[in-house]
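The values are calculated or read from the model by the stated rules, or taken from the named source; none is laboratory data. Quick caveat, the model's predicted, so the values are computed rather than measured. Ideal geometry is used to build each Cβ from the backbone, glycine not excepted, and the neighbour counts take in all protein chains shown. Areas reflect the complete protein model, heavy atoms only, side chains present, ligands, DNA and RNA absent. Shrake-Rupley method; radii C 1.70, N 1.55, O 1.52, S 1.80 Å.
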Amino acid sequence: MSRELQNNAVAGDRRLENRSFWKAGAFDIGPTKWTPNQGELEHARVHPKFLHSNATSHKWAFGAIAELLDNAVDEINNGATFIKVDRIFTKGDNSSALLFIDDGGGMDPDGMRKCMSLGYSTKKTNNTIGQYGNGFKTSTMRLGADVIVFSRAYRNGKATQSVGLLSYTFLRKTGQDDVIVPMIDFDISRHWAEPILYGTQDDWSTNLKTILEWSPFASKDDLIQQFEDIGSHGTKIMIYNLWLNDEGIYELNFDEDDEDIKLRDEAARLGKLSRKAADTQAHISYRLLHSLRAYASMLYLRKFKNFKIILRGKPVEQFIVADDLKYSEVVTYRPQVSSVKEAVAETTLGFIKEAPAIGVTGFNIYHKNRLIRPFWKVTGEGNSKGYGIVGVLEANFIEPAHDKQDFERSSVFSRLEQKLKQMQMDYWRRKSHFIGHQPDPSFVRKMQKTGDVPLQMQGVPDFNDNPRPDLSGSQIRIRERNDDVHVVRAPPGFVTGGFDQQVACGDNSSRDIDQMCDENIQLFMRCEGYIQSTNELKNTVADLEKKVAETNMKCAEISSRIEFLRKQKLVK
């Protein structure tokens with residue numbers, strides 16, 4: 001057998017039978033030894049199959065990558081200035097692997113063990129994104145079957161470097177019934193790597209042997225060499241044996257763009273759309289679905305001051321959605337949240353610069369600076385009102401789901417959704433004519449009643465009994481931000497006939513819709529008032545219950561005192 005065939009055979013033995021992520025967990029669990037060895041405490045085991053099922057919380061591969069970006073962004077507090085993401089080729093079989101390197105504070109041996117364990121998290125401050133202690137495991141296992149981590153840190157006057165291997169392939173191929181994570185640590189305070197022993201030398205050597213057997217590195221020197229591009233502190237993550245799609249091709253596409261990582265299946269799906277949708281597909285709301293560079297560009301709400309995401313050798317230019325809107329305004333919403341005092345959400349609303357040619361709409365909802373829901377449509381698909389309106393807000397008063405791609409459903413979330421609908425419809429009524437849409441009749445009537453007709457609506461016919469000119473293809477004067485007056489012709493498809501005809505045929509229905517909208521807003525405000533009253537009543541009841549308890553306690557003390565005095569008199 002040739003050397004190449006031998007290498008392929010060895011590589012095959014170290015790979016799973018099924019390389020598709022969604023099928024990799026379909027295997028029978030063998031017999032499990034539940035009786036502990038002598039001197040071993042009884043404990044609940046975590047079967048390797050749980051690593052896969054836990055990772056299925058990430059339906060989207062980019063959501064998994066975002067978790068690893070979050071970890072690096074959290075390290076800004078420890079001096080991190082960059083996170084590099086790239087494709088590399090593994091030694092041996094030369095297969096593609098995903099690489100992440102940051103220059104944060106790194107992990108000491110204790111930190112490495114918490115990282116590799118389930119549910120541990122030391123991120124409890126308000127300015128960190130991670131909180132559940134599960135993101136590293138779910139994200140890496142979603143992207144590939146195996147991950148090896150290298151980290152250097154300096155803690156309490158001691159410099160260390162650690163290696164940890166989380167290998168689904170190793171656990172499956174060796175029939176393990178518990179999640180075993182081999183780790184080795186070195187003390188490098190004296191400028192050479194001295195092994196740190198937490199058990200015996202044999203234990204340390206066994207961990208090293210397992211890492212070398214199931215990782216792309218064949219020797220201890222190869223492992224040590226991996227720390228050279230980390231520097232004095234930081235973390236390096238290498239995910240290999242990447243998952244394939246159902247066609248047996250990497251689901252991450254590294255070849256289409258040398259400066260990007262694409263999602264192969266998502267790009268193929270969008271490619272089947274009609275040619276008329278080409279301009280819409282070019283918008284970031286669609287590109288972020290299959291381009292990591294586009295997604296990472298708007299992943300964080302605020303611009304970094306001294307930190308960069310470097311994707312395949314090129315920094316990602318941050319895209320701040322709110323800065324790209326026309327006729328923007330800020331609407332303040334104060335939700336009634338019992339767990340958060342004086343919660344405030346400031347929503348920036350405006351038209352996308354391509355409106356009305358492109359009908360992209362939706363709200364970009366962030367939580368603690370991190371994008372959770374991009375371009376969330378709060379109105380129905382068939383509703384053309386609101387097209388081109390985009391909003392941006394940071395909602396720290398609602399909890400995100402574990403995969404950070406959605407929010408937990410709650411009454412607070414439902415009220416936010418209703419409020420955003422109200423914001424969008426109100427903005428549309430007041431400003432749709434700015435981009436060439438037919439003015440909203442109810443808004444025009446309201447303005448004419450007050451005599452306060454905006455400059456942008458000069459020339460729009462009135463709604464009295466006076467003759468109205470035919471506005472088929474007519475022009476509407478609008479004022480841009482720089483106060484220069486421009487003339488914009490209503491685009492095809494938005495004005496279907498004369499303005500007289502529209503009002504004559506649809507005036508009653510428009511009034512009905514306006515009346516319903518007003519009634520919905522009133523009901524919404526009444527609900528907000530009821531919620532606030534309910535919270536106040538709850539607080540009042542709690543205070544009264546506390547006072548009753550204190551009174552009962554005082555009564556008991558007085559009764560006890562009286563009984564004591566009675567006994568004293570009887571004794572005398």
inquiry  = Kindly evaluate residue 391 against the criterion of being among the small types (Gly, Ala, Ser), touching a residue at least 12 places away in the same chain (Cβ under 8 Å) and assigned to a loop (DSSP other than H, G, I, E, B).
reply    = no
query = Can you name the condition, by its number, that residue 439 falls short on among (1) at pLDDT 85 or above; (2) farther than 14 Å from residue 331 by Cβ; (3) open to solvent by less than 10 Å² (accessible area, probe 1.4 Å)?
reply = (1)
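Every residue, every condition in (1) crowded, with 17+ Cβ neighbours inside 10 Å; (2) in a helix (DSSP H, G or I); (3) touching a Ser or Thr at 6+ places or on another chain (Cβ under 8 Å); (4) modelled with pLDDT of 95 or more, yes or no:
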residue: 177; (1), (2), (3), (4): yes, no, yes, no
residue: 198; (1), (2), (3), (4): no, no, no, no
residue: 228; (1), (2), (3), (4): no, no, no, no
residue: 239; (1), (2), (3), (4): yes, no, yes, yes
message = Return the residues of region 321-367 that are within 30 Å of residue 67 (Cβ to Cβ), touching a Lys or Arg at 6+ places or on another chain (Cβ under 7 Å) and open to solvent by 30 Å² or more (accessible area, probe 1.4 Å); say none if nothing qualifies.
response = 324, 344
So residue 86, is it at pLDDT 85 or above, in contact with a helix residue (DSSP H, G or I) (Cβ under 8 Å, 6 or more places away or on another chain) and open to solvent by 50 Å² or more (accessible area, probe 1.4 Å) = no
message = Testing residue 293 on (1) in contact (Cβ under 8 Å) with a residue 40 or more places away in the chain; (2) in a helix (DSSP H, G or I), one condition comes back false. Which one is that?
response = (1)
inquiry  = Please verify whether residue 259 is in contact with a Leu (Cβ under 9 Å, 6 or more places away or on another chain) and either of a type in the set (Ser, Thr, Tyr) or open to solvent by 30 Å² or more (accessible area, probe 1.4 Å) (or both), treating the condition exactly as stated.
reply    = yes
ask   = Between residues in region 356-374 that are on the phi > 0 side of the Ramachandran plot and residues that are among the basic types (Lys, Arg) and open to solvent by 20 Å² or more (accessible area, probe 1.4 Å), which pairs lie under 9 Å by C-beta distance while being six or more apart or on different chains?
value = 362/373; 362/377; 369/302
task = Could you check residue 386 against (1) part of a loop (DSSP other than H, G, I, E, B); (2) open to solvent by less than 10 Å² (accessible area, probe 1.4 Å); (3) within 30 Å of residue 76 (Cα to Cα) and say which number it fails?
result = (3)
Residues of region 241-256 satisfying the condition of being of a type outside the set (D, E, K, R), free of Cβ contacts under 8 Å to residues at least 24 places away in the same chain and open to solvent by 40 Å² or more (accessible area, probe 1.4 Å) = 249
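Could you tell me whether residue 212 is open to solvent by 30 Å² or more (accessible area, probe 1.4 Å), of a type in the set (A, V, I, L, M, F, W, C), part of a helix (DSSP H, G or I) and under 30 Å from residue 52 (Cβ atoms)?
Here the answer is yes, as residue 212 does meet what is asked.
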remark   = Those residues of region 109-136 that are modelled with pLDDT of 80 or more and under 16 Å from the mean Cα position of the chain (by Cα) come to a total of 1
Yes/no for residue 152 being at pLDDT 90 or above and open to solvent by 10 Å² or more (accessible area, probe 1.4 Å) = yes
